[in-house]
Structure formats: structure tokens, C-alpha cells
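S.K.: Take this structure, written in C-alpha cells, and hold onto it; I'll ask about it next.
Every number here is computed from the coordinates shown, using simple stated rules; none is lab data. Quick caveat: nothing in here was measured; it's all calculated off a predicted structure. When we count neighbours, we look across all protein chains shown, and the Cβ atoms used for this are built from the backbone with ideal geometry, even at glycine.
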């Protein structure tokens, strides 16, 4: 078990040292490779050629038992669903502008199964980041993200992560005056009972 854990850690750090990606892609790679290695360790096992010669009770194959590493099991399930990015973004360290910003969101909105495959929490994080932009090229994506929600409980979970409602209203202010977006924003308000536009006193 100790050897398996140590080898997984070394694979993670070696991937960081090897790839030359920007921060969030670097973190994805450094998790994906260990997950694939974990599948070997928890499946057929990995032969340890540096082990002592076989003797009674001694195994030269390193193998992890079921349930031995819950964190890796969770990440493995996320990767199989195309939601490894959601798992990473659920960690506060990776929610800062060092890792995620409006251009990154715009460039990756269609990746990993697109918006329908993002968790409500990730969609809320996207809205929070986009609402901080003064550029309607990015704030318009807030409407797309909101329209991707199908269930009321997912809407609530998304909005809990989306930050200040006031910030969202300010971000959508210019868009609300444009017919193609104004209609969509009104439709969202009616569907979810939300107040996405600033109220005029």
C-alpha cells in the first residue's frame, strides 16, 4: 500500500515536471495520468521488478484493494463521466484568476461534454467569473450557461456558487437592452422566478 501510494504521488509530480501546459491544463494532466495508473494498480496490478526474490507470502505485484484510495476512486469516476474539470474546480485553490478567467471559460465552454455535462456548481463558478468582466463578449455567456439548466435544484445549486446577484445584474445590464438577449433574460426570470435585471426605483 505504501509503495502504491508513493508511486502515485511520484507520477503526479513527475507529470507536473514534464508537461509544459498553462496552470489548469497542467493540473488536469497531473491528475489524469495518475488516474490511469491507478486503474492499473487497482486492476491487474503493477509488477515491481526491484522487489526481493519471491518468497512465501511475498508479492512482486503491487496491487491496491477496492476502497483503499477513495480520493482516486472519486477522480476516476469523474474522469469516466468527462467531469474531471468539475472535480478540480470544486477545490478553492483552482477557483482563483491564476487558473480560471473569462477567456479560459469561453475557450472551453464546449469541451468535456459541453455545458450539459458541467455540474451546477461549475456553471455557477463560470457565472461568478464572467460577471466580473466588463466585456459583453464574455458576459453574454452567462445567458447561455443559465439556459443550460433544466432542474430547479440545479438552478439553486448554480446560483449559490454564482456569487452576488447584484454583480450578475450589473453584468447583464447592457445585454438586457439588446432584443436578442433581453427576451432570453426575461424568459429565464419567468421560468425560475429570478430577478436578473436591475430594478428601476
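S.K.: Quickly work out the residue 198-to-residue 169 label distance, labels modelled 7 Å from Cα along the C-beta direction, and quote it in nm with one decimal.
M.R.: Those two pseudo-labels are separated by 0.9 nm.
S.K.: Taking 0.36 nm per residue of sequence separation and subtracting the Cα-Cα distance, how much length would be gained by fully extending the chain between residue 90 and residue 1, in nm to one decimal?
M.R.: Numbers: separation 89, 0.36 × 89 = 32.04 nm, distance 2.74 nm.
Between residue 90 and residue 1, full extension yields an extra 29.3 nm.
S.K.: Extension gain residue 13-residue 183, at 0.36 nm per residue separation less the Cα-Cα distance, in nm? Please list the in-between numbers first.
M.R.: On the way: separation 170, 0.36 × 170 = 61.20 nm, distance 4.91 nm.
The span from residue 13 to residue 183 would gain 56.3 nm if fully extended.
S.K.: Say R0 is 25 Å: what FRET efficiency, to the nearest 0.05, do residue 190 and residue 117 get from their beta-carbon distance? Working shown, then result.
M.R.: On the way: r = 26 Å, r/R0 = 1.05.
E between residue 190 and residue 117, to the nearest 0.05, is 0.45.
S.K.: While we're here: Give the angle, between 0 and 90 degrees and rounded to the nearest 10, that separates the Cα long axis of helix 70-80 from the longest principal axis of the Cα atoms of the chain.
M.R.: Here the helix axis deviates by roughly 60 degrees.
S.K.: Taking the chain as the reference, fit the longest principal axis to its C-alpha atoms, fit the long axis of helix 136-147 to the helix C-alpha atoms, and give the angle between the two in degrees, 0 to 90, nearest 10.
M.R.: For helix 136-147, the angle is close to 80 degrees.
S.K.: Take the Cβ-Cβ distance between residue 136 and residue 22 as r, set R0 to 35 Å, and report the resulting FRET efficiency rounded to the nearest 0.05.
M.R.: With R0 = 35 Å, the Cβ-Cβ based efficiency is 0.90.
S.K.: Same structure again: Taking neighbour counts of Cβ atoms within 10 Å as a proxy for exposure, in what order, fewest first, do 88, 142 appear? Don't jump to the answer; show the numbers that get you there.
M.R.: Working: 88 21, 142 26.
Ascending number of Cβ neighbours within 10 Å: 88, 142.
S.K.: Here's a follow-up. Is the chain best put as rounded, prolate or oblate by its Cα gyration tensor, with a ≥ b ≥ c the root eigenvalues, rounded for a/c under 1.5, and otherwise prolate when a/b is larger than b/c, oblate when not?
M.R.: Working: a/c = 3.88, a/b = 2.76, b/c = 1.41.
In terms of gyration-tensor shape, prolate.
S.K.: With an 8 Å cut-off on Cα pairs and a minimum separation of 6 or more residues, tell me the relative contact order of segment 1-144 in percent. Write down the numbers at each step before the final one.
M.R.: Working: 116 pairs, mean separation 26.0, N = 144.
Normalised by residue count, the contact order of segment 1-144 is 18 percent.
S.K.: Could you line up 38, 94, 137 from fewest to most neighbouring Cβ atoms inside 10 Å? Walk me through the numbers before you get to the answer.
M.R.: Details: 38 22, 94 18, 137 10.
Fewest-to-most ranking of 38, 94, 137: 137, 94, 38.
S.K.: If you take the beta carbon distance between residue 110 and residue 66 as r and set R0 to 41 Å, what does 1/(1 + (r/R0)^6) give as a FRET efficiency, to the nearest 0.05? Can you show the working numbers first?
M.R.: Numbers: r = 35 Å, r/R0 = 0.86.
Given R0 = 41 Å and the Cβ-Cβ separation, E is 0.70.
S.K.: Taking Cα atoms, how many degrees apart are the long axis of helix 152-161 and the longest axis of the chain, rounded to 10 and kept between 0 and 90?
M.R.: Around 80 degrees separate the two axes.
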